[in-house]
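A.B. asks: One structure, as structure tokens, below. Some questions next.
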Amino acid sequence: MTDLQISLLAIGGTIVVGVVIFNKWQEHKAKKSVERAFSTGHDDVLMNPHDHVEEQASYQPQQYQQHEHDGVADYRQEPSLDVATMAEDDQAFVPDAIQAEAAPALAKQEKELPVDELIDCVIPLEFDTPVRGEKILAEIHSLRYVGKKPVHFIGQSHSGERDVIAHGGIYTTLFAGIQMVSRGGPLNELEYSEFVMKLREIADRLNAHPDIPDMSQVMSTARELHQFVSEHDAQLSVNIMANSAPWAINTLHAALEKQGFDSRPDGRLVMPDGDGGALFSLSTNVGISETVTSRLTLLLDVPCVAPARDGFGAMAACAKSLSTRLGGTVVDDGNQPISKAALDEIAEQVHAFYGAMAESEIPAGSVRAQRLFS
């Protein structure tokens, strides 16, 4: 080996060592920045019950941006927050307080059965003689989906009351419902035909008489319902962009979980609503092999969160708190800081949006809405 080759190897080795050291130093800085942000020296602004959310989120249907995922179109609004105003007052996101305020309104909701005549194609099967619940359950347990459309059953007793099929119950009629629409699209002729065929088999074994609706009418209703879902399928997001050094993923995840976020298998972090659902989610926007990120995205599935929970207001307050802690800026998808004036204008439109859903008998956050927008 010549002196030149030895020199080149030495230089190359020095460069490689330098790159490794630089990367380690960057990761160390990222970890320290997150640790400082969530150290005990800071007020626990995300969980402080005395700070109340004042800034309201907003929603502009005419400004949707359409994206494609899994072959389904969704819509994502880019809201805005005034970063300067947000830095002045580090108000907290308070899930418990929001839940307490929302509880009375949510408690007034009537019981929602799994078979819904508005969003399901419902087929009654009338028995020759009353049938016990355990016998019915044995026949229907395997029919849960046709294609990707969920199937549900309820029964009607002698008194005319309808409820889920239960052991010990006695029923005069069985109602089978297949969901007509989801985000994956409307019920099609093939799915409907398969559903009817399987119901006829169940009816024969239970000595029941199914009342099968006309396929063309079912398909027409499914298309109309799908139009509604398409027009109201909205997702709202805010982003937090690092002002300087990126944030360490591992440290960030641990800190966010302590603040109330739940970690999901797909890598998302979800802020629970206290009732088994989610207010909004948080993504780090990087793959599982990455160790740092410079951008966080908070996302609200608008029709799936009840207005009383103020999901977007809570998400905006959380973004503000995180940006203050982490040394970031709240921006839209185009990296533009969000304005307070835009929020005030959109707040009225979000109210109108929820009103339109309620008038259509599909209130946001209801079981009915969560099924349709699944």
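The values are calculated or read from the model by the stated rules, or taken from the named source; none is laboratory data. Owing to the predicted nature of the structure, the values given are computational and were not obtained by experimental measurement. Here Cβ is always computed from backbone atoms with ideal geometry, including for glycine, and neighbour counts include all displayed protein chains. Ligands, DNA and RNA are stripped out before the accessible areas are found, and what is left, the full protein with its side chains, is counted by its heavy atoms. Shrake-Rupley method; radii C 1.70, N 1.55, O 1.52, S 1.80 Å.
A.B. asks: Taking only segment 319-343 into account, find how many residues are modelled with pLDDT under 90 and closer than 27 Å to K258 by Cβ.
C.D. replies: 3
A.B. asks: Restricting attention to segment 115-159, which residues are in a loop (DSSP other than H, G, I, E, B), open to solvent by 40 Å² or more (accessible area, probe 1.4 Å) and not hydroxyl-bearing (S, T, Y)?
C.D. replies: The answer is E117, L118, H141, R144, G147, K148, H158.
A.B. asks: What number of residues within segment 156-174 satisfy the criterion of being within 30 Å of G185 (Cβ to Cβ), under 31 Å from the mean Cα position of the chain (by Cα) and not charged (D, E, K, R)?
C.D. replies: Residues flagged as within 30 Å of G185 (Cβ to Cβ), under 31 Å from the mean Cα position of the chain (by Cα) and not charged (D, E, K, R) within segment 156-174 amount to 2.
A.B. asks: List every residue pair whose Cβ atoms sit under 7 Å apart, with the two residues 6 or more apart in sequence or on different chains, where the first one lies in segment 129-147 and is touching a residue at least 60 places away in the same chain (Cβ under 8 Å) and within 14 Å of A203 (Cα to Cα) and the second, anywhere, is assigned to a helix (DSSP H, G or I) and open to solvent by 70 Å² or more (accessible area, probe 1.4 Å).
C.D. replies: From segment 129-147, the pairs are E139/R205.
A.B. asks: Out of segment 344-359, which residues are open to solvent by 70 Å² or more (accessible area, probe 1.4 Å) and at pLDDT 90 or above?
C.D. replies: Listed by number, the list holds a single entry, E359.
A.B. asks: Still on this structure, I have one more. Report, ordered by the first and then the second residue, all pairs with beta carbons closer than 6 Å, sequence separation of six or more or different chains, a first member in segment 319-330 that is over 12 Å from W247 (Cα atoms), and a second member that is of a type in the set (D, E).
C.D. replies: T324/D90
A.B. asks: Is segment 178-187 home to any residue that is more than 15 Å from D116 (Cα to Cα), part of a loop (DSSP other than H, G, I, E, B) and open to solvent by 20 Å² or more (accessible area, probe 1.4 Å)?
C.D. replies: Checked segment 178-187: at least one residue is more than 15 Å from D116 (Cα to Cα), part of a loop (DSSP other than H, G, I, E, B) and open to solvent by 20 Å² or more (accessible area, probe 1.4 Å).
A.B. asks: List the pairs whose first member sits in segment 206-218 and is among the acidic types (D, E), whose second member is open to solvent by less than 70 Å² (accessible area, probe 1.4 Å), and whose Cβ atoms are under 7 Å apart, counting only residues at least 6 apart or on separate chains?
C.D. replies: So the pair list comes out as D211/I123; D211/P124.
A.B. asks: If you go through segment 242-274 one residue at a time, how many are surrounded by fewer than 17 Cβ atoms within 10 Å (Cβ to Cβ), in contact with a Gly (Cβ under 6 Å, 6 or more places away or on another chain) and of a type in the set (A, V, I, L, M)?
C.D. replies: The total comes to 0.
A.B. asks: Taking into account only those residues within segment 223-235 that are more than 14 Å from R371 (Cβ to Cβ) and buried (at least 18 other Cβ atoms within 10 Å of the Cβ), which is farthest from the chain's Cα centre (by Cα)?
C.D. replies: Looking at the filtered set, the residue picked out is A234.
A.B. asks: Let me ask something additional. Determine whether M215 is under 30 Å from A319 (Cα atoms), among the aliphatic types (A, V, I, L, M) and open to solvent by 30 Å² or more (accessible area, probe 1.4 Å).
C.D. replies: For M215, the condition - under 30 Å from A319 (Cα atoms), among the aliphatic types (A, V, I, L, M) and open to solvent by 30 Å² or more (accessible area, probe 1.4 Å) - is not met.
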